[in-house]
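The values are calculated or read from the model by the stated rules, or taken from the named source; none is laboratory data. Given the structure is predicted, the values throughout are model-derived calculations rather than measurements. Every residue, glycine as well, gets a Cβ built from its backbone with ideal geometry; the counts of neighbours run over all protein chains shown. Side chains included, ligands, DNA and RNA excluded: accessible areas come from the protein's heavy atoms. Shrake-Rupley method; radii C 1.70, N 1.55, O 1.52, S 1.80 Å.
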Amino acid sequence: MPRTGVVDAHVHLYPAEVAADPAGWAARMGEPLWGELVTPQPGRRVQQGWADVDRLLRDMDAAGVERAVLLGWYWQRHETCVWHNDIYAACVRAHPDRLSAFATVQAGADAGPALAEMARARDLGLIGLGELCPWSGGGTLLGEAWLAVFARAAEMGWPVNLHVTDPASRMFPGRVATPLEEIVALAERLPDLRLILAHWGGGLVFHELNTHAWRVLKHCAYDTAATPLLYEPAIYAAGVRAIGAERILFGSDYPLKVFPKAEDGPEFHRVLAQVEAAGLADADRAAVLGGNARRWLGLP
Ligand SMILES: [Zn+2]
């Protein structure tokens, strides 16, 4: 049976100028952290793949993905965030039936420019914030500037997608520690904030079995981005068992090569096949693959 109605809540796009020379582009833009992630290191495959908007739409069509939510990246410089937000605004304007997009901001020491950028991005049609990782710039979630950004997102009703690293995962260049207790503290401080914790919240999803964590986090959602790189496929059923299906959003992390041994380029088939083989009840699978994102993000 052909797939229908899939929403991918975690997709990144970089224009051709970036894909042509990622390391050079990162150096020119003053983005060494991202440069480190996309530059080949001895003994390690680069997992970044590349796709422009036309390639993305073709791959979505081929796999039955109805809509993709474009997420920005946790750029170090405000100017790079503005640049990326403008690119996403153009994508959404051109393909409103297929694409939605989140804005990215860098709060740094002063939240002023980030707050102004959020208002500008909303006027451009963007619908949330992310993927953010305040720690990558040396910040903390509860620092004054980032807290102001999160409080504004809560006021705007904007969901915020946070990159979360599982503290038990392997070390690699560019890996950023994202203390889970800070996420719990943020959710407690701002109960109206609609957090989407990427990559299963780095395992935080299972900490919801802790009664305090559940009480604080029960309004948060989790996405499944990059699951094949990080977890056993059993995590889909285990995640649903831990918190129910309603707060789990399918995300691929396309065009990341989440099956790095496969030689071909970015695509959605393999990861969707993994979800479909995970043994979820039909209603749960449909919720994870699209229904939850539609409800959570107010998508058509
Ligand atoms: Zn991430």
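Look at region 233-244: where a residue is closer than 9 Å to Phe206 by Cα and a partner is aliphatic (A, V, I, L, M) and in a helix (DSSP H, G or I), sitting 6+ places away or on another chain with Cβ atoms under 8 Å, you get Gly239/Val205; Ala242/Val205; Ile243/Val205. Here the condition is being free of Cβ contacts under 8 Å to residues at least 60 places away in the same chain, β-branched (Val, Ile, Thr) and open to solvent by 40 Å² or more (accessible area, probe 1.4 Å); of Thr140, Thr227, Thr178, it holds for Thr140 alone.
Out of region 244-271, which residues are within 17 Å of the chain's Cα centre (by Cα) and open to solvent by less than 20 Å² (accessible area, probe 1.4 Å)? Those that are within 17 Å of the chain's Cα centre (by Cα) and open to solvent by less than 20 Å² (accessible area, probe 1.4 Å): Ile248, Leu249, Phe250, Gly251, Ser252, Asp253, Tyr254, Pro255, Val258, Pro266, Phe268, Val271.
Could you tell me which residue of region 185-227 is nearest to the ligand (Cβ to nearest atom), considering only residues that are over 11 Å from the mean Cα position of the chain (by Cα) and aromatic (Phe, Trp, Tyr)? Ranking the qualifying residues of region 185-227, first place goes to Phe206. Based on what the data block shows, is Arg295 closer than 30 Å to Gly143 by Cα and surrounded by fewer than 16 Cβ atoms within 10 Å (Cβ to Cβ)? Here the answer is no, as Arg295 does not meet what is asked.
When Met171 is tested against (1) within 19 Å of the chain's Cα centre (by Cα); (2) outside any helix (DSSP H, G or I); (3) over 19 Å from Asp253 (Cβ atoms), just one condition goes unmet, and that condition is (1). Can you tell me which residue in region 143-172 is least open to solvent (accessible area, probe 1.4 Å), limited to those that are among the acidic types (Asp, Glu) and more than 15 Å from the ligand (Cβ to nearest atom)? Across region 143-172, the extreme among qualifying residues is Glu155. Scanning region 1-37 for residues that are within 16 Å of the ligand (Cβ to nearest atom) and either part of a loop (DSSP other than H, G, I, E, B) or more than 16 Å from Arg58 (Cα to Cα) (or both) yields Ala9, His10, His12, Leu13, Tyr14, Glu31, Leu33, Trp34, Glu36, Leu37.
Among the residues of region 45-71, the one identified as part of a loop (DSSP other than H, G, I, E, B) and closer than 15 Å to Arg3 by Cβ is Gly64. Quick one: would you say Glu117 is surrounded by 24 or more Cβ atoms within 10 Å (Cβ to Cβ), charged (D, E, K, R) and either in contact with a Ser or Thr (Cβ under 6 Å, 6 or more places away or on another chain) or modelled with pLDDT of 95 or more (or both)? Against the criterion (surrounded by 24 or more Cβ atoms within 10 Å (Cβ to Cβ), charged (D, E, K, R) and either in contact with a Ser or Thr (Cβ under 6 Å, 6 or more places away or on another chain) or modelled with pLDDT of 95 or more (or both)), Glu117 does not qualify. Per the listing Gly112, Gly72, Gly128, Gly49, the residue uniquely among the small types (Gly, Ala, Ser) and either surrounded by fewer than 18 Cβ atoms within 10 Å (Cβ to Cβ) or more than 16 Å from the ligand (Cβ to nearest atom) (or both) is Gly112.
Please specify each residue of region 177-210 satisfying the condition of being closer than 20 Å to Ala145 by Cβ, touching a Gly at 6+ places or on another chain (Cβ under 9 Å) and in a helix (DSSP H, G or I). Selection gives Ile183 alone. When Trp83, Trp34, Trp75, Trp25 are checked against the criterion of being at pLDDT 95 or above and closer than 28 Å to Ile248 by Cβ, Trp75 stands alone in meeting it. Could you go through region 85-94 and let me know if any residue there is more than 16 Å from the ligand (Cβ to nearest atom), more than 24 Å from Val53 (Cα to Cα) and surrounded by fewer than 19 Cβ atoms within 10 Å (Cβ to Cβ). Among the residues of region 85-94, not one is more than 16 Å from the ligand (Cβ to nearest atom), more than 24 Å from Val53 (Cα to Cα) and surrounded by fewer than 19 Cβ atoms within 10 Å (Cβ to Cβ), which makes the answer no.
Here the condition is being over 15 Å from Leu162 (Cβ atoms), at pLDDT 95 or above and not in a helix (DSSP H, G or I); of Ala278, Ala213, Ala273, it holds for Ala278 alone.
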